[in-house]
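Down below is the structure, laid out as C-alpha coordinates.
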Amino acid sequence: MSLFKTLSNLLSKLVAVNSLVILFVILLAGFSVKDYACYLVNSEQVVGQELVDLLNGFLWKVGVLAFMIAGLFHFLTVKRMIGPIRTLSVVAKEMKEGKPPTKVSVKTSGELQELVENFNSMSETLKSVQEQRDEMLRDIAHELRTPLTNINGYLEALQNQVIEGDPELFGSLLEESRRITRIVELITELNSWSNGQSFLEKEYEPVKIDQLLNDTVTAFQLKLTEQFADKQIALDEATISANQDGLKQVFSNLLQNILDYNVGSSLSIRGQKVQDIYHIELSHTGQRINPDKKEKIFERFYRLEESRSTKAEGAGLGLAIAKSIIHAHQGKIGLTTDGTHHTFWVELPILTNNAEF
(Lines give C-alpha, C1' and ligand atoms only; values in the text may rest on other atoms or scores of the structure.)
Protein backbone atom coordinates (compact mmCIF):
# COMPACT_ATOMS: atom_id res chain seq x y z
CA MET A 1 0.00 0.00 0.00
CA SER A 2 1.36 3.47 -0.95
CA LEU A 3 2.22 6.11 1.61
CA PHE A 4 -0.33 8.46 0.02
CA LYS A 5 -3.12 5.94 0.48
CA THR A 6 -2.04 5.28 4.07
CA LEU A 7 -2.13 9.00 4.88
CA SER A 8 -5.49 9.36 3.15
CA ASN A 9 -6.96 6.57 5.27
CA LEU A 10 -5.45 8.13 8.39
CA LEU A 11 -7.04 11.48 7.53
CA SER A 12 -10.39 9.79 7.04
CA LYS A 13 -10.09 8.20 10.46
CA LEU A 14 -9.26 11.58 12.05
CA VAL A 15 -12.33 13.14 10.40
CA ALA A 16 -14.45 10.27 11.70
CA VAL A 17 -13.06 10.70 15.23
CA ASN A 18 -13.73 14.46 15.18
CA SER A 19 -17.27 13.86 13.97
CA LEU A 20 -17.90 11.35 16.77
CA VAL A 21 -16.55 13.77 19.37
CA ILE A 22 -18.78 16.60 18.15
CA LEU A 23 -21.79 14.28 18.05
CA PHE A 24 -21.03 13.06 21.56
CA VAL A 25 -20.89 16.63 22.97
CA ILE A 26 -24.13 17.62 21.24
CA LEU A 27 -26.01 14.54 22.39
CA LEU A 28 -24.70 14.68 25.93
CA ALA A 29 -25.51 18.35 26.32
CA GLY A 30 -28.90 18.08 24.60
CA PHE A 31 -30.26 15.06 26.46
CA SER A 32 -28.86 16.25 29.80
CA VAL A 33 -30.48 19.69 29.53
CA LYS A 34 -33.78 18.18 28.37
CA ASP A 35 -33.90 15.68 31.24
CA TYR A 36 -32.90 18.32 33.80
CA ALA A 37 -35.53 20.75 32.55
CA CYS A 38 -38.23 18.09 32.78
CA TYR A 39 -37.07 17.25 36.31
CA LEU A 40 -37.25 20.89 37.43
CA VAL A 41 -40.66 21.47 35.94
CA ASN A 42 -42.20 18.28 37.30
CA SER A 43 -40.64 18.10 40.74
CA GLU A 44 -39.96 21.66 41.85
CA GLN A 45 -42.45 23.55 39.72
CA VAL A 46 -39.83 26.01 38.60
CA VAL A 47 -40.87 28.33 35.77
CA GLY A 48 -39.99 31.61 34.23
CA GLN A 49 -36.66 33.33 34.61
CA GLU A 50 -35.58 31.07 37.45
CA LEU A 51 -35.90 28.02 35.16
CA VAL A 52 -33.87 29.73 32.45
CA ASP A 53 -31.10 30.64 34.89
CA LEU A 54 -30.93 27.10 36.27
CA LEU A 55 -30.79 25.60 32.77
CA ASN A 56 -28.08 28.01 31.67
CA GLY A 57 -25.94 27.10 34.69
CA PHE A 58 -26.53 23.40 34.13
CA LEU A 59 -25.75 23.75 30.43
CA TRP A 60 -22.38 25.31 31.23
CA LYS A 61 -21.52 22.53 33.65
CA VAL A 62 -22.60 19.83 31.22
CA GLY A 63 -20.76 21.53 28.37
CA VAL A 64 -17.51 21.73 30.33
CA LEU A 65 -17.82 18.11 31.45
CA ALA A 66 -18.62 16.92 27.92
CA PHE A 67 -15.72 18.93 26.53
CA MET A 68 -13.29 17.38 29.04
CA ILE A 69 -14.51 13.84 28.38
CA ALA A 70 -14.56 14.32 24.60
CA GLY A 71 -11.17 16.06 24.67
CA LEU A 72 -9.58 13.22 26.64
CA PHE A 73 -11.09 10.65 24.28
CA HIS A 74 -9.93 12.65 21.25
CA PHE A 75 -6.41 13.07 22.66
CA LEU A 76 -5.96 9.38 23.44
CA THR A 77 -7.39 8.30 20.09
CA VAL A 78 -5.31 10.69 17.99
CA LYS A 79 -2.19 9.89 20.04
CA ARG A 80 -2.71 6.20 19.33
CA MET A 81 -3.13 6.94 15.62
CA ILE A 82 -0.29 9.46 15.25
CA GLY A 83 2.16 7.77 17.63
CA PRO A 84 3.53 5.24 15.11
CA ILE A 85 4.08 7.98 12.50
CA ARG A 86 5.93 10.12 15.07
CA THR A 87 8.09 7.12 15.97
CA LEU A 88 8.82 6.45 12.29
CA SER A 89 9.75 10.12 11.86
CA VAL A 90 12.22 9.99 14.77
CA VAL A 91 13.86 6.79 13.49
CA ALA A 92 14.01 8.16 9.93
CA LYS A 93 15.72 11.31 11.25
CA GLU A 94 18.27 9.17 13.11
CA MET A 95 18.97 7.23 9.91
CA LYS A 96 19.39 10.52 8.04
CA GLU A 97 21.99 11.58 10.61
CA GLY A 98 23.97 8.40 9.91
CA LYS A 99 22.89 6.24 12.83
CA PRO A 100 22.40 2.50 12.16
CA PRO A 101 18.85 1.53 11.09
CA THR A 102 16.74 0.26 13.98
CA LYS A 103 13.54 -1.76 14.06
CA VAL A 104 10.39 0.15 15.02
CA SER A 105 8.32 -1.67 17.63
CA VAL A 106 4.87 -0.10 18.04
CA LYS A 107 1.40 -1.52 18.49
CA THR A 108 -0.98 -0.48 15.75
CA SER A 109 -3.28 -1.98 13.14
CA GLY A 110 -4.57 -1.62 9.63
CA GLU A 111 -2.70 0.56 7.15
CA LEU A 112 -0.33 1.91 9.82
CA GLN A 113 0.71 -1.63 10.75
CA GLU A 114 1.53 -2.28 7.11
CA LEU A 115 3.47 1.00 6.95
CA VAL A 116 5.49 0.03 10.05
CA GLU A 117 6.21 -3.42 8.62
CA ASN A 118 7.38 -1.93 5.32
CA PHE A 119 9.56 0.56 7.19
CA ASN A 120 11.13 -2.24 9.25
CA SER A 121 11.71 -4.25 6.10
CA MET A 122 13.42 -1.24 4.51
CA SER A 123 15.56 -0.78 7.64
CA GLU A 124 16.65 -4.42 7.54
CA THR A 125 17.56 -4.07 3.87
CA LEU A 126 19.55 -0.89 4.51
CA LYS A 127 21.32 -2.54 7.44
CA SER A 128 22.19 -5.56 5.32
CA VAL A 129 23.45 -3.36 2.47
CA GLN A 130 25.55 -1.33 4.89
CA GLU A 131 27.07 -4.47 6.39
CA GLN A 132 27.83 -5.85 2.93
CA ARG A 133 29.41 -2.55 1.91
CA ASP A 134 31.59 -2.47 5.02
CA GLU A 135 32.59 -6.09 4.48
CA MET A 136 33.40 -5.44 0.84
CA LEU A 137 35.58 -2.46 1.76
CA ARG A 138 37.45 -4.60 4.27
CA ASP A 139 37.92 -7.32 1.68
CA ILE A 140 39.16 -4.88 -0.96
CA ALA A 141 41.63 -3.45 1.54
CA HIS A 142 42.77 -6.97 2.39
CA GLU A 143 43.23 -7.93 -1.26
CA LEU A 144 45.21 -4.78 -2.09
CA ARG A 145 47.31 -4.73 1.08
CA THR A 146 49.56 -7.66 0.10
CA PRO A 147 50.69 -6.44 -3.35
CA LEU A 148 51.06 -2.86 -2.09
CA THR A 149 53.14 -4.07 0.86
CA ASN A 150 55.39 -6.02 -1.50
CA ILE A 151 55.80 -3.06 -3.83
CA ASN A 152 56.52 -0.66 -0.96
CA GLY A 153 59.03 -3.09 0.55
CA TYR A 154 60.97 -3.46 -2.69
CA LEU A 155 60.91 0.28 -3.39
CA GLU A 156 62.15 1.13 0.12
CA ALA A 157 64.95 -1.42 -0.22
CA LEU A 158 65.94 0.10 -3.57
CA GLN A 159 65.80 3.61 -2.12
CA ASN A 160 68.01 2.64 0.83
CA GLN A 161 70.33 0.73 -1.53
CA VAL A 162 69.79 -2.46 0.42
CA ILE A 163 69.25 -4.26 -2.87
CA GLU A 164 70.06 -3.45 -6.46
CA GLY A 165 67.58 -3.48 -9.25
CA ASP A 166 67.64 -6.25 -11.84
CA PRO A 167 65.21 -7.57 -14.46
CA GLU A 168 63.91 -10.26 -12.11
CA LEU A 169 63.12 -7.73 -9.36
CA PHE A 170 61.47 -5.30 -11.74
CA GLY A 171 59.47 -8.17 -13.19
CA SER A 172 58.23 -9.02 -9.72
CA LEU A 173 57.22 -5.40 -9.11
CA LEU A 174 55.45 -5.33 -12.47
CA GLU A 175 53.50 -8.50 -11.61
CA GLU A 176 52.37 -7.02 -8.30
CA SER A 177 51.28 -3.84 -10.08
CA ARG A 178 49.39 -5.87 -12.68
CA ARG A 179 47.74 -7.82 -9.90
CA ILE A 180 46.36 -4.61 -8.41
CA THR A 181 45.16 -3.55 -11.85
CA ARG A 182 43.39 -6.88 -12.40
CA ILE A 183 41.61 -6.65 -9.06
CA VAL A 184 40.35 -3.15 -9.89
CA GLU A 185 39.23 -4.33 -13.34
CA LEU A 186 37.36 -7.27 -11.80
CA ILE A 187 35.56 -4.95 -9.37
CA THR A 188 34.66 -2.59 -12.22
CA GLU A 189 33.34 -5.47 -14.34
CA LEU A 190 31.32 -6.81 -11.42
CA ASN A 191 29.70 -3.43 -10.81
CA SER A 192 28.91 -3.00 -14.52
CA TRP A 193 26.80 -6.18 -14.43
CA SER A 194 25.30 -5.53 -10.97
CA ASN A 195 24.06 -1.96 -11.40
CA GLY A 196 20.72 -2.97 -12.90
CA GLN A 197 21.45 -1.25 -16.23
CA SER A 198 23.13 -4.15 -17.99
CA PHE A 199 20.38 -4.54 -20.58
CA LEU A 200 20.90 -0.92 -21.58
CA GLU A 201 24.70 -0.98 -21.47
CA LYS A 202 25.35 -4.43 -22.95
CA GLU A 203 24.46 -5.63 -26.41
CA TYR A 204 22.22 -8.72 -26.47
CA GLU A 205 21.80 -10.85 -29.55
CA PRO A 206 20.84 -14.40 -30.53
CA VAL A 207 23.67 -16.72 -29.48
CA LYS A 208 24.09 -20.44 -30.11
CA ILE A 209 24.86 -21.50 -26.57
CA ASP A 210 26.26 -24.91 -27.54
CA GLN A 211 28.74 -23.30 -29.94
CA LEU A 212 29.76 -20.70 -27.35
CA LEU A 213 30.40 -23.45 -24.78
CA ASN A 214 32.47 -25.42 -27.29
CA ASP A 215 34.55 -22.34 -28.11
CA THR A 216 35.18 -21.66 -24.41
CA VAL A 217 36.21 -25.27 -23.76
CA THR A 218 38.53 -25.13 -26.79
CA ALA A 219 40.27 -22.07 -25.33
CA PHE A 220 41.01 -24.14 -22.19
CA GLN A 221 41.84 -27.31 -24.11
CA LEU A 222 45.52 -27.48 -23.17
CA LYS A 223 44.96 -26.93 -19.44
CA LEU A 224 42.00 -29.32 -19.39
CA THR A 225 44.00 -32.04 -21.11
CA GLU A 226 46.77 -31.72 -18.51
CA GLN A 227 44.41 -32.24 -15.57
CA PHE A 228 41.63 -34.46 -16.90
CA ALA A 229 42.22 -37.87 -18.44
CA ASP A 230 38.48 -38.32 -18.94
CA LYS A 231 36.42 -35.51 -20.48
CA GLN A 232 32.78 -35.96 -21.41
CA ILE A 233 31.06 -33.16 -23.32
CA ALA A 234 27.46 -33.41 -24.54
CA LEU A 235 25.66 -30.27 -25.64
CA ASP A 236 22.19 -29.91 -27.14
CA GLU A 237 21.81 -27.23 -29.80
CA ALA A 238 19.89 -24.15 -28.68
CA THR A 239 19.75 -20.39 -29.24
CA ILE A 240 19.44 -17.88 -26.41
CA SER A 241 19.37 -14.10 -26.10
CA ALA A 242 22.70 -13.10 -24.59
CA ASN A 243 25.72 -10.87 -24.46
CA GLN A 244 28.28 -13.22 -25.97
CA ASP A 245 31.32 -11.77 -24.20
CA GLY A 246 29.50 -11.86 -20.87
CA LEU A 247 28.60 -15.54 -21.15
CA LYS A 248 32.12 -16.41 -22.30
CA GLN A 249 33.38 -14.80 -19.14
CA VAL A 250 30.93 -16.85 -17.06
CA PHE A 251 32.08 -20.18 -18.48
CA SER A 252 35.72 -19.11 -18.43
CA ASN A 253 35.40 -18.23 -14.75
CA LEU A 254 33.73 -21.57 -14.00
CA LEU A 255 36.37 -23.56 -15.89
CA GLN A 256 39.18 -21.59 -14.25
CA ASN A 257 37.69 -22.28 -10.82
CA ILE A 258 37.46 -25.98 -11.66
CA LEU A 259 41.10 -26.03 -12.80
CA ASP A 260 42.33 -24.11 -9.75
CA TYR A 261 40.71 -26.40 -7.18
CA ASN A 262 40.42 -29.74 -9.00
CA VAL A 263 41.70 -32.95 -7.38
CA GLY A 264 40.18 -35.53 -9.73
CA SER A 265 40.73 -36.75 -13.28
CA SER A 266 37.21 -36.60 -14.73
CA LEU A 267 35.25 -33.65 -16.11
CA SER A 268 31.70 -33.70 -17.41
CA ILE A 269 30.10 -30.81 -19.30
CA ARG A 270 26.48 -31.22 -20.35
CA GLY A 271 23.95 -28.89 -21.88
CA GLN A 272 20.30 -29.91 -22.17
CA LYS A 273 17.09 -28.26 -23.30
CA VAL A 274 14.42 -28.59 -20.62
CA GLN A 275 11.24 -27.04 -22.06
CA ASP A 276 12.12 -23.33 -22.49
CA ILE A 277 15.27 -23.51 -20.32
CA TYR A 278 18.81 -24.47 -21.30
CA HIS A 279 20.36 -26.35 -18.37
CA ILE A 280 24.17 -26.57 -18.18
CA GLU A 281 26.19 -28.71 -15.76
CA LEU A 282 29.95 -28.79 -15.19
CA SER A 283 30.90 -31.65 -12.85
CA HIS A 284 34.27 -32.61 -11.33
CA THR A 285 35.96 -33.68 -8.08
CA GLY A 286 37.51 -30.77 -6.23
CA GLN A 287 38.73 -29.50 -2.89
CA ARG A 288 36.23 -29.94 -0.09
CA ILE A 289 33.33 -27.50 0.08
CA ASN A 290 30.99 -27.55 3.06
CA PRO A 291 27.55 -28.21 1.51
CA ASP A 292 26.04 -25.75 4.02
CA LYS A 293 28.26 -22.98 2.62
CA LYS A 294 27.95 -23.75 -1.09
CA GLU A 295 25.99 -20.54 -1.80
CA LYS A 296 28.70 -18.39 -0.21
CA ILE A 297 31.22 -19.17 -2.93
CA PHE A 298 29.24 -16.83 -5.23
CA GLU A 299 29.67 -13.91 -2.83
CA ARG A 300 32.26 -11.20 -3.42
CA PHE A 301 35.73 -11.98 -2.09
CA TYR A 302 34.54 -15.17 -0.37
CA ARG A 303 37.16 -17.92 -0.03
CA LEU A 304 36.69 -21.35 1.42
CA GLU A 305 39.93 -21.08 3.35
CA GLU A 306 42.57 -18.42 3.91
CA SER A 307 45.30 -20.53 2.34
CA ARG A 308 43.74 -20.45 -1.10
CA SER A 309 45.57 -18.79 -3.93
CA THR A 310 46.48 -15.16 -3.48
CA LYS A 311 46.63 -14.54 -7.23
CA ALA A 312 44.42 -11.82 -8.66
CA GLU A 313 42.35 -14.53 -10.32
CA GLY A 314 41.85 -15.99 -6.85
CA ALA A 315 40.60 -12.77 -5.33
CA GLY A 316 37.17 -14.27 -4.83
CA LEU A 317 35.47 -12.28 -7.59
CA GLY A 318 35.25 -14.73 -10.50
CA LEU A 319 32.14 -16.59 -9.34
CA ALA A 320 30.54 -13.37 -8.06
CA ILE A 321 30.95 -11.88 -11.55
CA ALA A 322 29.51 -15.08 -13.09
CA LYS A 323 26.47 -14.82 -10.83
CA SER A 324 25.88 -11.16 -11.73
CA ILE A 325 26.14 -11.87 -15.46
CA ILE A 326 23.75 -14.84 -15.31
CA HIS A 327 21.21 -12.83 -13.28
CA ALA A 328 21.50 -10.03 -15.87
CA HIS A 329 20.46 -12.65 -18.44
CA GLN A 330 17.40 -13.55 -16.33
CA GLY A 331 19.00 -16.89 -15.55
CA LYS A 332 20.09 -18.87 -12.50
CA ILE A 333 23.41 -20.26 -11.31
CA GLY A 334 24.31 -22.53 -8.42
CA LEU A 335 26.36 -25.39 -7.06
CA THR A 336 25.35 -28.90 -6.10
CA THR A 337 27.88 -30.79 -3.97
CA ASP A 338 28.27 -33.59 -1.46
CA GLY A 339 31.50 -32.05 -0.23
CA THR A 340 33.98 -33.25 -2.87
CA HIS A 341 31.95 -34.01 -6.00
CA HIS A 342 30.88 -30.63 -7.34
CA THR A 343 28.46 -29.69 -10.09
CA PHE A 344 28.18 -26.07 -11.18
CA TRP A 345 24.87 -25.54 -12.94
CA VAL A 346 23.51 -22.69 -15.05
CA GLU A 347 20.00 -22.16 -16.38
CA LEU A 348 19.25 -19.69 -19.16
CA PRO A 349 15.98 -18.97 -21.00
CA ILE A 350 15.92 -20.28 -24.56
CA LEU A 351 15.16 -17.79 -27.32
CA THR A 352 11.73 -18.45 -28.84
CA ASN A 353 10.91 -17.96 -32.50
CA ASN A 354 8.65 -14.99 -31.66
CA ALA A 355 11.31 -13.09 -29.73
CA GLU A 356 12.22 -9.67 -31.03
CA PHE A 357 15.45 -7.67 -30.85
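The values are calculated or read from the model by the stated rules, or taken from the named source; none is laboratory data. Small disclaimer: the values here were computed from a predicted structure and weren't measured. Note that we place each Cβ from the backbone using ideal geometry, even for glycine, and neighbour counts take in every protein chain shown. Ligands, DNA and RNA are stripped out before the accessible areas are found, and what is left, the full protein with its side chains, is counted by its heavy atoms. Shrake-Rupley method; radii C 1.70, N 1.55, O 1.52, S 1.80 Å.
For region 272-297, name all the residues that are open to solvent by 30 Å² or more (accessible area, probe 1.4 Å) and touching a Pro at 6+ places or on another chain (Cβ under 8 Å).
Listed by number, the residues that qualify are Asp276, Ile277.
Determine whether region 169-192 contains at least one residue that is surrounded by 12 or more Cβ atoms within 10 Å (Cβ to Cβ), among the hydrophobic types (A, V, I, L, M, F, W, C), within 27 Å of Gly246 (Cβ to Cβ) and at pLDDT 75 or above.
Yes, region 169-192 contains a residue that is surrounded by 12 or more Cβ atoms within 10 Å (Cβ to Cβ), among the hydrophobic types (A, V, I, L, M, F, W, C), within 27 Å of Gly246 (Cβ to Cβ) and at pLDDT 75 or above.
For region 298-328, which residues satisfy the criterion of being outside any helix (DSSP H, G or I), open to solvent by 10 Å² or more (accessible area, probe 1.4 Å) and either modelled with pLDDT of 80 or more or of a type in the set (Gly, Ala, Ser) (or both)? Explain how you work it out, then say what you get.
Of all residues in region 298-328, those outside any helix (DSSP H, G or I) come to 299-311, 315-317.
Checking the rest, the ones that are also open to solvent by 10 Å² or more (accessible area, probe 1.4 Å) come to 299-311, 316.
Result: Ser307, Ser309, Gly316.
Only one of Thr102, Thr146 is among the polar types (S, T, N, Q) and at pLDDT below 70. Can you tell me which?
Working: Thr102 fails: at pLDDT below 70.
Result of the check over Thr102, Thr146: Thr146.
From Glu156, Glu135, Glu124, grab the single residue that is of a type outside the set (Lys, Arg), modelled with pLDDT of 75 or more, under 29 Å from Leu319 (Cβ atoms) and in a helix (DSSP H, G or I).
Within the list Glu156, Glu135, Glu124, the selection yields Glu124.
Can you go through Ile258, Ile269 and tell me which one is in contact with a Phe, Trp or Tyr (Cβ under 8 Å, 6 or more places away or on another chain) and either open to solvent by 20 Å² or more (accessible area, probe 1.4 Å) or at pLDDT 90 or above (or both)?
Only one candidate passes the filter, namely Ile258.
Scan region 281-297 and tell me whether some residue there is at pLDDT 90 or above and hydrophobic (A, V, I, L, M, F, W, C).
The answer is yes; a qualifying residue exists.
In region 230-268, which residues are farther than 22 Å from Pro206 by Cα, of a type in the set (A, V, I, L, M, F, W, C) and assigned to a strand (DSSP E or B)?
Hits for region 230-268 are Ile233, Leu267.
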